[in-house]
Amino acid sequence: MPYMLLILEPRDQRALRGEEAGRAVYERMVRFAEELQNRGLLVTTNSLHSDREAVRVQVRNGKPSLLDGPFAESKEMVGGFFYLTCQTREEAVAIAQTCPAAEWATVEVRETGPCYEGA
């Protein structure tokens, strides 16, 4: 079953951490991804830039609305993701518990599938 691990970070964490420490934690995440790849569990992964350059798009009644980041109402931002193939939810949760980002962020585990299922 496919699962997504979403890395939810405090919005100001990267700036407070600084580049050197940021590179160190990024390397830990790269090694974690390599381990998952070697186990045959990783479909894809990527880190996301800050939400400072992000834009949110909505279309209501045919009219688009754009909201440029950063998004003040958000305390966290999605900083990256891992897309995995696991046998069970328990396996995905166990992997999330070993993710280095769980030490400085929240790792949200979500099964993927049609949006009309499991509502």
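The values are calculated or read from the model by the stated rules, or taken from the named source; none is laboratory data. The shown structure was predicted, so the numbers you read here are calculated from the model rather than taken from an experiment. As a convention, Cβ positions derive from the backbone with ideal geometry for all residues, glycine included, and neighbour counts pool all protein chains shown. Protein only, heavy atoms only, side chains kept; ligands, DNA and RNA dropped before computing areas. Shrake-Rupley method; radii C 1.70, N 1.55, O 1.52, S 1.80 Å.
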The set of residues whose placed amide H lies less than 5 Å from the amide H of Cys86, leaving out same-chain residues fewer than 5 positions away, is Tyr3
Accessible surface of Tyr83 in the full protein assembly, 1.4 angstrom probe, to the nearest 10 Å²? 60
Karplus-derived 3J(HN,Hα) from phi for region 94-107 (6.51 cos²θ - 1.76 cosθ + 1.60, θ = phi - 60°), whole Hz, x at Gly and Pro, runs 4, 5, 4, 5, 9, 5, x, 4, 4, 6, 10, 9, 10, 10
Averaging over every viewing direction, what projected area does the convex hull of the Cα atoms of region 1-61 cover, in nm²? 6.5
If amide H atoms are built 1.01 Å from N in the plane of the peptide, which residues on other chains or at least 5 residues away come under 5 Å of the amide H of Gly79? Ile7, Leu8, Glu9
Measure of size requested: the Rg and Dmax of the chain, with Cα atoms as the atom set and Å as the unit; please supply both. 16.1, 47
Note down the accessible area of Leu6, probe 1.4 Å, to the nearest 10 Å². 40
For the chain, what is the mean residue ellipticity at 222 nm derived from helices alone (per DSSP H run of n ≥ 4: -39500 (n - 2.57); sum divided by total residues; nearest 500 deg cm²/dmol)? -9000 deg cm²/dmol
Describe numerically, in nm with one decimal, the distance between label points set 7 Å from Cα along Cα→Cβ at Met1 and at Arg17. 3.0
Which three extents, in whole angstrom, do the alpha-carbon atoms of region 52-119 cover along their principal axes, largest first? 43, 31, 16
